[in-house]
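As structure tokens, the structure follows; a few thoughts come after it.
Readers should treat all values here as calculations from the given coordinates under stated rules, not as data from a laboratory. Source: prediction; values computed, not measured. Cβ coordinates were reconstructed from backbone atoms using ideal geometry, including for glycine residues, and neighbour counts include every protein chain displayed.
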Amino acid sequence: MVPLDSQPIKIGEDAFGRCITLANLVLPQGSNAMENSFDGCALLKDRFGEGGPGTIVTGLISRFDDFPVHKMCYYHFSTTAQELRQCIENQEEVEESLVDKFGMTAFHVLFSNAEPRGELLQVLLNKFPYLLGWKDANGKLAMEYLVTNWTPENKILLEMALQSWMLSRLTSWGATSWTEAMKSKVQAILAEDDKKRRKIVFFEACAIMKQYENVEATSILEMALWKGHLKRGWSNDGAKRQALDRGECRCVCGSNVVIPSVVMFLGIATTRS
């Protein structure tokens, strides 16, 4: 991370030549670069165009101009929790500034730092917990940066993130068995000292969570179809028009036509435990 009050930087030859996925970088005003400073930086060239190093430098100087929450997370050492909270509240069009041109959320930016701070993470979790499931332009979830950059402090932050994104959601669904199964996965991630194995267990947990999400979404859709058909037995003023059997409504509400296609599209197993 380049400090907020840094002097202009002159980027040398081939300085980022092998940084194919470089994205989380801000340059101070007045910075410049050599002709081949960004050779091989495919992601930067894709986002800022092929206009040469000057175009990329200009893009990196204004990297977070339209993303104040991201900017505060980037300069996390000089940001207080209250300042971040106020920044989020002041955003009139928050939805438009949740994801930047690199597909990064504020979580991605915060977790990309060497020592992200827990109090800032808690502010983001209180407001945007659903964004933890978003992948950036490099195809990474924000939590992957914590899984890779493993420190005792980051272990605590990962536990906070997993609790919010996985366990709290499963609990709110009333899915007791799913919650207990996921708790075991989360503990396995946090207890794993081997980096490669930890990433494997993390991705396994993400795949299981995705499956749970698909099943839950399909169940909600089936219930909506069922309730929609059930309402046909009532008149507009709420008076009962005809007797409808609840079980029959579920069978003839159209879910037998809609749900199999949805299940196939989402890749959900046709038999449930």
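Among the GluC sites (Glu not before Pro) found in the range 89-131, those both in a DSSP coil and sparsely packed, with 14 or fewer other Cβ atoms within 10 Å of their Cβ, are 92, 93. With N set to the residue count of the range 29-147, report its C-alpha Rg divided by 2.2 N^0.38 Å to two decimal places. This ratio for the range 29-147 stands at 1.11. In order along the range 204-216, phi translates into HN-Hα couplings of 4, 5, 5, 5, 5, 4, 4, 5, 4, 4, 5, 5, 5 Hz, rounded to whole numbers, per the Karplus curve 6.51 cos²θ - 1.76 cosθ + 1.60 with θ = phi - 60° and x for Gly and Pro.
Just list whichever of 127/196; 135/196; 140/195; 71/183; 45/195 have alpha carbons separated by over 28 Å in the model shown. Write down the numbers at each step before the final one.
Details: 127/196 31 Å; 135/196 20 Å; 140/195 16 Å; 71/183 33 Å; 45/195 31 Å.
Listed pairs above 28 Å: 127/196; 71/183; 45/195.
Computed about its Cα centre, the charge dipole of the range 108-221 is approximately 160 debye, with only Lys, Arg, Asp and Glu carrying charge at their Cβ. Working from label points 7 Å from Cα in the Cα-to-Cβ sense, the residue 216 to residue 50 distance is 4.5 nm.
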